[in-house]
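S.K.: Please see the structure below; I have some questions.
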Amino acid sequence: MNMGNVLGLIFANMHDMTLGYMTKSRTMGSVLVGGRYRLIDFPLSNMVNCEISEVGVITKANYQSLLDHLGSGREWDLSRKKGGLHILPPFGHVEAGLYRGRIEALYGVLSYIKSTMAEYVFLSDCDVITNMDMKPIINYHIDSEADITVVTTTGVFNEEQTLNSTVVGVDDTGRIHDVLIHSPISGQCTISLNMFVIKKSALIDLIQNSIARGLYSFETDILQSKVKELRIMSYDYNEFYRKIDSIESFFNANLDLIDIENSRQLFLPNRPIYTKVRDNAPSKYGLDSSVTNSIIADGCVIEGEVENSVLFRGVKVGKGTKIKNSILMQDTKVGNECEISNIITDKDVVISNDRLLTSSASYPMYIGKGASV
Amino acid sequence: MMKKKECVAMLLAGGQGSRLYALTQKVAKPAVTYGAKYRIIDFPLSNCINSGIDTVGVLTQYQPLVLNDYIGNGQPWDLDRLHGGVHILPPYQKASGAEWYSGTANAIYQNLSFIERYDPEYVIILSGDHIYKMDYAKMIAFHREKDAACTIAVVDVEPAEASRFGIMFARDDDEIYDFVEKPKEPKSTLASMGIYVFSFDKLKKYLTENENDKEATKDFGNNIIPALLANNERTFAYRFEGYWKDVGTIDSLWETNMDLINPNIPLDLYDPAWKIYSRNPVMPPHIIGKEAKIQNSMVTEGCYINGTVDFSMISNGVTIEEGAKVTDSILMPGAVIKKDAIVEYAIVGEHSIIESKCHIGARPEDMENRDEWGVAVVGHGLTLSEGTVVAPKQIVSENM
């Protein structure tokens, strides 16, 4: 399969609600993760790494940070004459708020979809961190003569996880025969990773028919309603992934990347994850610093103790300060003699000297962007 | 007719750097790794863009492949421009024949037509061998104010060191009246930094005259500057105050790296107003493992550190396994230090693998004879098998 024949479509705003305040003024796609990345870097890099050279990013609200991050797409090698990156904000006449559903979002960019030369479309949300080879999925879609292929994963999940996921029933041939939405199930099951493959012409037909009938949800009105009518196949994905659907899963996914074995499955030298370059200096470890089991991005200056934490670019940790089980996003400044555990700080948070901030690992405290403590 | 540029920078990057031995066997000196995530050439290139100079010719000759690849279209330094930008200028064949660059002045002479395309008032000549942050715009303003033919940037050096440099003699108004290249008994401490601002018409005149002189060595220091002085051209010294170091030798490369972790050295890489740009290797943030001990060091992206690191510069993609000890050393990109290996006062080249229980270098205080001490060097792409010992001062350029 010539991947130049595939259009990538990324939904930057889907699942914005699951991260509460963190997505108050940014899209899900621009949520910071793993020390130097934004969530959208993963689907975007995956597409680029498997030679998809035309990608549209669909966004509706709060997209300033997204635009700033993506720029011309050059960092992902998507600043092209032919194809390349297209950011697709809504037209002015659509009412404010999130799209009512994926179909409405697609309808808003229908003319863009129609204008591309692609034969297939790979749709992806920004809620899954993984390094995915999409080629076998496209090939599977073609070989299995599917109308729609849903990328799924099988595992043991709790009710909270399945409540935010689409659970599918799959038969022996890989065909999906049952679709459950917002249904609390615990135990072994197969869930959708919110990535789909579909032929472009079929997608256009589905969008137009659904809109004509006032239907907006891809999951309910297409996957669920048409499960018998359409041949919807499941592609079971078994590589390392983390799905972000709550503050807790966000927190744990970040901490999981400290494990070098996990990190090596996500950051493959031959399939790098690209992101916006910030030109920070290397990180500096001071005279009395002590750092163990942590991810440290460039531009940090560490004079205190850091354990089991993720420090994004440009974080400063003062003398005598102890940081444990925490995620400090870009340019967080922590003063001297502080004690911090189980905390998530957003960008540009300033924590003065002698502060004690702790919460429990099962419910980490989040400190909003630019706050002073 | 192209748009005019006020100033064009010409960066001499053809230096072989032979005194860096194994480290410059396959790369030109300006492409040598410095400060964990930089290459030496990042400093003059970043200075250019930070000073508002967006047209830079990079003159290459010796082992240019790595350097060409590194500079690319100049995008990391914001030097990919519609008009101007960075241009690699290797020697090329002309109707009159082909010749290598036979000296610094000859290299610029052979590229006069490149400079003429931009019709500049001034040309700034830079070298790719120095670590410093400098606002060239201020120097050009000084040159303009003095109505000079040539302005030479100088630093005040220790009298003991003065014999290593080209030494200037200047009057109170900074006009230079004499110049001695590497004097045995220096009577001044104003050392040339190898940075010259020329009014372009004067540069053209003196380069052309120098070319016609069959005896000349075609060098700025030996020929052009003495010729300017002999003709009473207005030649001024621009006094630079700040950190400036030449990284021409193993010892100075090591020292200059160590300066970055010395809090008393005024070279701030964290100043957002004067960033040093570099080509990004596209790697994840580094991971510090459970068994790691790390202090007084700089570490960049793509590293996995689970050993002990103290007073060291750790470049991108380095692995330091559990039980390994790296102190007072420079690890270049992709170096691997296996379990229980010891690296002290050493430079380990790019992608070299130090197998377990190797011992590279030694601390000066552990030496019986201090004269035998020096920084140990392992070249690029080598593998040192288990238990190999590399003595201090030793330079390894083959697998052991």
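S.K.: Return A:Phe240, B:Phe198, B:Phe179 ranked ascending by Cβ neighbour count within 10 Å, so the fewest neighbours appear first.
M.R.: A:Phe240, B:Phe179, B:Phe198
S.K.: From the phi angles alone, apply the Karplus equation (6.51, -1.76, 1.60; θ = phi - 60°) to region B:172-182 and give each ³J(HN,Hα) in whole Hz, x where the residue is Gly or Pro.
M.R.: So the Karplus estimates, Gly and Pro as x, are 4, 8, 6, 6, 7, 10, 8, 8, 10, 7, 6 Hz.
S.K.: Between B:Lys339 and B:Asp178, what is 0.36 nm times their sequence separation minus the Cα-Cα distance? Round to one decimal in nm.
M.R.: Length gained, B:Lys339 through B:Asp178: 52.2 nm.
S.K.: Which Cα, out of B:Trp274, B:Ile167, B:Trp244, lies furthest along the positive dipole direction of region B:128-282 (beta carbon charges, K/R +1, D/E -1)?
M.R.: Checking the options against the dipole of region B:128-282, the answer is B:Trp274.
S.K.: Using the structure shown, select from A:Lys276/B:Lys133; A:Lys284/A:Lys319; A:Lys114/A:Lys199; B:Lys5/B:Lys275 the pairs with a Cα to Cα distance greater than 18 angstrom.
M.R.: Where the Cα-Cα span goes over 18 Å, the pairs concerned are A:Lys276/B:Lys133; B:Lys5/B:Lys275.
S.K.: Let me ask something additional. If the reach is capped at under 16 angstrom between alpha carbons, list the aspartates and glutamates near A:Lys243, excluding any in the same chain fewer than eight residues apart.
M.R.: A:Asp16, A:Asp41, A:Asp125, A:Asp127, A:Glu159, A:Glu160, A:Asp256
S.K.: Now for a separate question. Please rank B:Trp100, B:Trp77, A:Trp76, fewest neighbouring Cβ atoms within 10 Å first, as an exposure proxy.
M.R.: Final ranking by Cβ density, sparse to dense: B:Trp100, A:Trp76, B:Trp77.
S.K.: Quick check on packing: order B:20-26, A:125-131 by the mean number of other C-beta atoms within 10 Å, highest mean leading.
M.R.: A:125-131, B:20-26
S.K.: Looking at chain B, what % of the alpha carbon pairs are farther apart than 42 Å?
M.R.: Everything past 42 Å amounts to 16 percent.
S.K.: For region A:251-267, in order, what is each residue's ³J(HN,Hα) by Karplus, 6.51 cos²θ - 1.76 cosθ + 1.60 with θ = phi - 60°, in whole Hz (x at glycine and Pro)?
M.R.: With the stated coefficients, region A:251-267 comes to 4, 5, 4, 4, 5, 4, 6, 5, 5, 4, 5, 5, 4, 5, 7, 9, 10 Hz.
S.K.: Relative to the compact-globule scaling 2.2 N^0.38 Å, provide the ratio for the alpha-carbon radius of gyration of region B:1-82.
M.R.: Cα-based Rg divided by the globular estimate yields 1.15.
S.K.: Here is a further query. Among A:Ile185, A:Ile327, what is the fewest-to-most ranking by other Cβ atoms within 10 Å?
M.R.: The order, fewest Cβ neighbours first, is A:Ile185, A:Ile327.
S.K.: Mind checking the dipole of the protein assembly as shown: about its Cα centre, +1 per Lys or Arg Cβ, -1 per Asp or Glu Cβ, Debye to the nearest 20?
M.R.: 1640
S.K.: Further question: With charges set only on the Cβ (+1 for Lys and Arg, -1 for Asp and Glu), what does the dipole of chain B come to about its Cα centre, in debye to the nearest 20?
M.R.: Computed charge dipole of chain B: roughly 900 debye.
S.K.: Hey, in the GNM for chain A with a 10 angstrom Cα cutoff, which one of A:Val156, A:Val168, A:Val57 fluctuates hardest?
M.R.: A:Val156
S.K.: Taking amide H positions as placed in the peptide plane 1.01 Å from N, state which residues far from B:Leu89 in sequence (5 or more) or on other chains have amide H under 5 Å from it.
M.R.: B:Val58, B:Leu59, B:Thr60
S.K.: Cα atoms only, region B:51-109: Rg and Dmax in Å?
M.R.: Both quantities, over Cα of region B:51-109: 12.9, 37 Å.
S.K.: Follow-up question, since we're still on this one. Positive end of the dipole of region A:99-188, charges at C-beta (+1 Lys, Arg; -1 Asp, Glu), about the Cα centre: which of A:Val170, A:Tyr112, A:Ile137 has its Cα farthest in that direction?
M.R.: A:Tyr112
S.K.: When ranked by the protection proxy of mean other Cβ atoms within 10 Å per residue, highest first, what sequence do the peptides B:78-84, B:311-317 form?
M.R.: Result, highest mean first: B:311-317, B:78-84.
S.K.: Quick one, can you get me the convex hull of the C-alpha atoms of region A:1-103 expressed as volume per residue in Å³?
M.R.: Hull volume normalised by residue count: 119 Å³.
S.K.: Another question, if that's okay. With respect to the cross-link table entries A:Lys333/B:Lys138; B:Lys138/B:Lys204; B:Lys293/B:Lys339; B:Lys37/B:Lys293; B:Lys146/B:Lys184; B:Lys3/B:Lys204, which display a Cα-Cα separation exceeding 25 Å?
M.R.: Those over the limit are A:Lys333/B:Lys138; B:Lys146/B:Lys184.
S.K.: Cα convex hull of the protein assembly as shown: mean projected area in nm², to one decimal?
M.R.: Value for the protein assembly as shown: 38.4 nm².
S.K.: For chain A, what is one quarter of the convex hull surface built on the Cα atoms, given in nm²?
M.R.: If you wrap the Cα atoms of chain A in a convex hull and average its projections, you get 18.3 nm².
S.K.: Follow-up question, since we're still on this one. Of A:Thr23, A:Leu255, A:Ile244, whose Cα points farthest to the positive end of the dipole of region A:3-266 (charges on the beta-carbon: +1 Lys, Arg; -1 Asp, Glu; origin at the Cα centre)?
M.R.: A:Thr23
S.K.: Amide H to amide H under 5 Å from A:Leu9: which residues, 5+ apart in sequence or cross-chain, H placed 1.01 Å off N in plane?
M.R.: Here A:Gly56, A:Phe122, A:Leu123, A:Ser124 satisfy the definition.
S.K.: Would you pull out the residues with amide H under 5 Å of B:Gly317's amide H, same chain only if 5 or more places away, H placed 1.01 Å from N?
M.R.: Long-range HN contacts for B:Gly317: B:Gly302, B:Cys303, B:Gly334.
S.K.: Expressed in whole Å with the largest first, what are the equivalent ellipsoid semi-axes of region A:225-348 derived from the C-alpha gyration tensor as the square root of 5 times each eigenvalue?
M.R.: Gyration-tensor ellipsoid for region A:225-348: 35, 16, 13 Å.
S.K.: Would you mind counting up the charge near B:Val155? Only other residues with Cβ under 11 Å from its Cβ, with Lys and Arg at +1 and Asp and Glu at -1.
M.R.: -3
S.K.: Here is a follow-up. Please list 3J(HN,Hα) in residue order for region B:381-393, calculated via the Karplus relation 6.51 cos²θ - 1.76 cosθ + 1.60 where θ = phi - 60°; whole Hz, with x for glycine and proline.
M.R.: x, 9, 10, 9, 5, 3, x, 5, 10, 10, 6, x, 6
S.K.: Which value, in debye to the nearest 20, gives the size of the charge dipole of region B:147-238 about its Cα centre, when Lys and Arg are +1 and Asp and Glu are -1 at the Cβ?
M.R.: Once rounded to the nearest 20, the dipole reads 260 debye.
S.K.: Specify the angular offset, from 0 to 90 degrees and rounded to the nearest 10, of the alpha carbon long axis of helix B:250-259 from the longest principal axis of the alpha carbons in chain B.
M.R.: Here the helix axis deviates by roughly 80 degrees.
S.K.: On to the next question. Would any residue of region B:209-233 have its amide N under 18 Å from a label point 7 Å out along Cα→Cβ of B:Lys187? List them or say none.
M.R.: B:226, B:229-230
S.K.: Across the residues of A:28-39, average count of Cβ atoms on other protein chains within 10 Å?
M.R.: Partner-chain Cβ atoms within 10 Å, mean over residues of A:28-39: 1.
S.K.: Counting only Cα, what are the radius of gyration and maximum Cα-Cα distance Dmax of region B:103-221, in Å?
M.R.: According to the Cα coordinates of region B:103-221, Rg and Dmax are 14.8, 44 Å.
Each value in this text was obtained by applying a stated rule to the coordinates, not by laboratory testing. Quick caveat: nothing in here was measured; it's all calculated off a predicted structure. Every residue, glycine among them, receives a Cβ derived from its backbone with ideal geometry; neighbour counts consider all protein chains shown.
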